[in-house]
Amino acid sequence: MALLEQPNRERGFTKERIIRVLLNHTGNDLTKYRLAQLADASEPWTRQYTEKLEEVGLIKGTEVVGAADLYRVWLDQRIEPNQLEISLQQPMDLLAETDLEYALTTYQAENLHQGFLFASSTDFYISSEDISNWLETVEEKGLLGGGNTRIRVLDDHVFYKQQRVDGFSTVSIPQLILDLLAEGGPCEEAAEKLIDSYHGEQRW
């Protein structure tokens, strides 16, 4: 069985956490101290990094003023999740029945939230603590190798502000937007539509 493990990139994770929190909070009700807490980052480092984002006009204080461009910054420094590609007969049925933590992203999550894309692939994040349990499930119910399902492991902060839609768990809208942008192709157009609807009048 191929190993699935969390990427080891702590500093990069911290930048991603800060951007993830910023994009999940609208308005200016977030102090930098609270931002640091929610991002699980030190306050001095959070202040230093947000000042850089302010200097280039992406945020004002902790309020996002350039969402589309901030996603590009996030995309540029995004840490690739480690993932396992498998074949499952009915991946959504398996997720509907599991007690293990997961959060759908890309096609299935976009389909649940917006319905622009055909759900051609089932991609979901799992907690690093649950890797062995998921691998057991895959051995029992799936086939390794090129298939219709990708199981992803990243920093567990990827579950920040996860949502439930129609009984399924998905990543937050900002995380979904990022993952769609990273996927490219038609997913990029779906991401742009989500930015417009989620962040208001942001234009590409």
**Fill in**
When every residue in the range 54-71 that is within 25 Å of residue 192 (Cβ to Cβ) and without any contact (Cβ under 8 Å) to a residue 24 or more places away in the chain is compared, the one least open to solvent (accessible area, probe 1.4 Å) is 58
**Message:** Anything in the range 74-104 that is touching a Pro at 6+ places or on another chain (Cβ under 9 Å) and of a type in the set (Val, Ile, Thr)? List them, or say none.
**Reply:** 79
**Request:** Tell me, please, whether a residue that is surrounded by 21 or more Cβ atoms within 10 Å (Cβ to Cβ) and either modelled with pLDDT of 95 or more or touching a helix residue (DSSP H, G or I) at 6+ places or on another chain (Cβ under 6 Å) (or both) can be found in the range 24-36.
**Result:** yes
**Request:** Could you grab me the full set of residues in the range 143-159 that are modelled with pLDDT under 90 and open to solvent by 40 Å² or more (accessible area, probe 1.4 Å)?
**Result:** 143, 144, 146
**Message:** Condition first: open to solvent by 10 Å² or more (accessible area, probe 1.4 Å), within 15 Å of residue 75 (Cα to Cα) and modelled with pLDDT under 95. Can you find one or more residues in the range 187-195 that meet it?
**Reply:** no
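One line per residue, one yes/no per condition, for (1) of a type in the set (D, E, K, R); (2) more than 27 Å from residue 190 (Cβ to Cβ); (3) in contact (Cβ under 8 Å) with a residue 12 or more places away in the chain; (4) buried (at least 17 other Cβ atoms within 10 Å of the Cβ):
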{"residue": "50", "(1), (2), (3), (4)": "no, yes, yes, yes"}
{"residue": "81", "(1), (2), (3), (4)": "no, no, yes, yes"}
{"residue": "93", "(1), (2), (3), (4)": "yes, no, no, no"}
{"residue": "108", "(1), (2), (3), (4)": "no, no, yes, yes"}
{"residue": "112", "(1), (2), (3), (4)": "no, no, yes, yes"}
{"residue": "126", "(1), (2), (3), (4)": "no, no, yes, yes"}
{"residue": "134", "(1), (2), (3), (4)": "no, no, yes, yes"}
**Qualifying residue in the range 28-47 (condition: within 16 Å of the chain's Cα centre (by Cα), over 27 Å from residue 184 (Cβ atoms) and either free of Cβ contacts under 8 Å to residues at least 12 places away in the same chain or part of a helix (DSSP H, G or I) (or both))** = yes
**Asked** When the residues of the range 166-186 are filtered to those that are farther than 11 Å from residue 110 by Cα and in a strand (DSSP E or B), which remaining residue is most open to solvent (accessible area, probe 1.4 Å)?
**Response** 168
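The values are calculated or read from the model by the stated rules, or taken from the named source; none is laboratory data. Quick caveat: nothing in here was measured; it's all calculated off a predicted structure. Because the Cβ atoms are built from the backbone with ideal geometry, glycine has one as well, and the counts that use them run over all protein chains shown. When the accessible area is computed, the model is the full protein with side chains, heavy atoms only, and any ligands, DNA or RNA have been set aside. Shrake-Rupley method; radii C 1.70, N 1.55, O 1.52, S 1.80 Å.
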